[in-house]
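Please treat every number below as a calculation from the coordinates, not as lab data. Remember, it's a predicted structure, so these values are computed and weren't measured experimentally. Note: ideal-geometry Cβ built from the backbone for every residue, glycine included; neighbour counts use all protein chains shown.
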């Protein structure tokens, strides 16, 4: 009878000692095999593309926030690879962001190595691993975030294509003169467009409008849609 195939694992952690400890623990099992490691989160996607792991262990301290982008990149480009996020503490915001980025598991660095081994096996079986004491808060936050995103998209749908162009210029720091120049309209018409879009979006200032544009951009990106872009840019504007 042939041996079961190894679960292929990569480790992304900036601390050499942590990587060595995890390699020793996982390598001492019969069903787990370390096929690659990286000290920086920005290297994670290229590493995974080269070695085709089943599970990627990504430390939240691997790259000053880059670990979330790495998790999202791995999840989108190599969906067969499950991401296990390791953190220094139980951070609700990081948990939510990790799940939304595509992580399938979340584990504290304080956990024993035996828990790490079982977590890797669980993710490979297709399970989702969330600390039970954090699950309720996670679900509540995800529901509210979804409602907030839906509300933002609903408001954005009120805008005309020209108002969306104005909003994109506002987000890029443009004033009435910049808007007028970019859209070949008068400054007075630019002011009218700004006033109208503020009313439609239920906002009170240009700064709020710029923040809203950033939110819509991120929401549209996460859903694979078009994003706001000033006229003449390389990005497609919303229609």
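Extension gain for the segment residue 157 to residue 93, taken as residue separation times 0.36 nm less the Cα-Cα distance, is 20.2 nm to one decimal.
Over the Cα atoms of the stretch 39-87, each weighted equally, I'd like the Debye log10 I(q)/I(0) at q = 0.22, 0.31 Å⁻¹, rounded to two decimals. Per q value, in the given order, log10 I(q)/I(0) is -0.65, -1.29.
Give me 85, 22 ranked fewest to most by other Cβ atoms within 10 Å of their Cβ, as a rough exposure proxy.
22, 85
If R0 equals 22 Å, the separation of the Cβ atoms of residue 177 and residue 207 corresponds to a calculated FRET efficiency of about 0.80. Segment residue 51..residue 184, full-extension length gain: 42.7 nm, with 0.36 nm per residue of separation and the alpha-carbon distance subtracted. At full extension, residue 24 and residue 146 could sit 39.8 nm farther apart than now, given 0.36 nm per residue minus the alpha carbon distance.
Among 8, 69, rank each residue by its count of other Cβ atoms within 10 Å, from fewest to most, as a rough exposure measure.
Starting with the residue having the fewest Cβ neighbours, the order is 69, 8.
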